[in-house]
Amino acid sequence: MRLVALVLLAACGSHKVDLGDGAADVGIGCNQPQPLLAVTAAIPRLAAAASGSHIAVGWTSDDATFGNARISLDGADHIAAVDRDAFATAGSFTGVSIAMEGETTLVALGTQDGHSQLVLGGTSPTTTTVQLTAPGAVTPTGGTPAFALAGNDSAGGMAAMIGVDGTGPINIGSIAARLLGTRIKDGLAIVEVLSANTCELVPIDSAITRAGSPIQWGAKQKCTQAAAAYDDSTGQTLLLRRDTDSGAIKSTLVHADRTLAAETTTAAAGSEPRAIATTGGTWVSYANNGMLEAVLLDGNGAVTKTVPLGAVGDATGHALVSTGATAYALWIKDDLQIARLCP
């Protein structure tokens, strides 16, 4: 049953959920929550991605179940349909990560046996020994293979990146607490949080054949809950972390030449930051005392707008997606909710 659910999510869903008096009449207001589906998920771990007029979202719960949905947009501010694929499917899942590129969706699910299940575009699931550890574990590559997964390789006992076609894995060092995949200018990278709460960026070539030298970022032994977002228009990657001393969300930019900008404070307090780039800037969301907030950053990483979005069930229960010009926040608090983020 759980394998069927994965295939359906990657292949655009199974059945429509009626949103009321005609789905095309359901608007997504500027910075306003819009409930979509009733969701019962204790300590939800949410991941999402978007491409064109489609958003894929999935969540796992602390009871190891998996639920997911695909949202079809009618323009930037209306919902055409929601396809609920397999709500609360039984399984043994530790987390989910989703990436989209064009018409293709990759869904990755961590499993309790130290592996990940990968479903690409509705094909049958494959299994890898590289176990995802964060919602940002998978990333489009912009080349071949089309997607990559960062995680801990249970076979090799190392942090690693592997291509969705099995290329690699490229091992970069010892098991890490958190591993993300991201693009950087002319390549890929693993963003890792080491066990000593120190963060590193490890460049990987686009073909996933070799790793570069680690680049330490953020304060040593004070870096947790790392996140990243690549901006294709500037060739820069935003790196985010939670400071263990102050509880602040800190950010820095990786320039196209792979030098680092000076670190800035994105939020005075927060947990589990997420980020996504749009043509109008990069949005960052984070949980703060049970509430979800989003901020818009300019090209230098400075905050230009703060948007309160409402209560969130858990700090890990939210995600950001971008269709290019428009960003959306998704989160769980009794319902799966969505908001269109406006400058």
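The values are calculated or read from the model by the stated rules, or taken from the named source; none is laboratory data. Small disclaimer: the values here were computed from a predicted structure and weren't measured. Every residue, glycine among them, receives a Cβ derived from its backbone with ideal geometry; neighbour counts consider all protein chains shown.
Go over the candidates 290, 235, 212 one by one and state the one that is touching a His at 6+ places or on another chain (Cβ under 9 Å), surrounded by fewer than 17 Cβ atoms within 10 Å (Cβ to Cβ) and modelled with pLDDT of 95 or more. Let's see the steps before the verdict.
Numbers: 290 fails: touching a His at 6+ places or on another chain (Cβ under 9 Å); 212 fails: touching a His at 6+ places or on another chain (Cβ under 9 Å).
Answer to the selection: 235.
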**OP:** Taking the options 62, 113, 74, name whichever one is closer than 23 Å to residue 324 by Cβ and surrounded by fewer than 23 Cβ atoms within 10 Å (Cβ to Cβ).
**Re:** 74
Original post:
Looking only at segment 326-342, which residues are modelled with pLDDT of 95 or more and over 24 Å from residue 134 (Cβ atoms)?
Top reply: 326, 340, 342
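Right, residue 221: touching a strand residue (DSSP E or B) at 6+ places or on another chain (Cβ under 6 Å) and either assigned by TED's automatic domain parsing to the domain that holds residue 253 or modelled with pLDDT of 95 or more (or both) or not? Talk me through it step by step, then tell me what you get.
Values: touching a strand residue (DSSP E or B) at 6+ places or on another chain (Cβ under 6 Å): no; either assigned by TED's automatic domain parsing to the domain that holds residue 253 or modelled with pLDDT of 95 or more (or both): yes.
For residue 221, the condition - touching a strand residue (DSSP E or B) at 6+ places or on another chain (Cβ under 6 Å) and either assigned by TED's automatic domain parsing to the domain that holds residue 253 or modelled with pLDDT of 95 or more (or both) - is not met.
Checking the conditions here, which among 142, 121 is in contact with a helix residue (DSSP H, G or I) (Cβ under 7 Å, 6 or more places away or on another chain), more than 16 Å from residue 92 (Cβ to Cβ) and either surrounded by fewer than 23 Cβ atoms within 10 Å (Cβ to Cβ) or of a type in the set (A, V, I, L, M) (or both)? Show your work before the answer.
Numbers: 142 fails: in contact with a helix residue (DSSP H, G or I) (Cβ under 7 Å, 6 or more places away or on another chain).
Every option except 121 fails the conditions.
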Original post:
Wholly within segment 235-343, which strands (runs of 3 or more DSSP E) include no fewer than the required count, namely at least 1 residues that are under 17 Å from the mean Cα position of the chain (by Cα) and within 30 Å of residue 82 (Cα to Cα)?
Top reply: 271-278, 281-288, 291-297, 318-322, 327-333, 335-341
**OP:** Could you identify the single residue in 56, 99, 108, 49 that is touching a helix residue (DSSP H, G or I) at 6+ places or on another chain (Cβ under 9 Å) and assigned to a strand (DSSP E or B)?
**Re:** 56
Original post:
When residue 134 is evaluated against the numbered criteria (1) among the hydrophobic types (A, V, I, L, M, F, W, C); (2) modelled with pLDDT under 95; (3) assigned to a loop (DSSP other than H, G, I, E, B), which criterion, by number, is the only one it fails?
Top reply: (2)
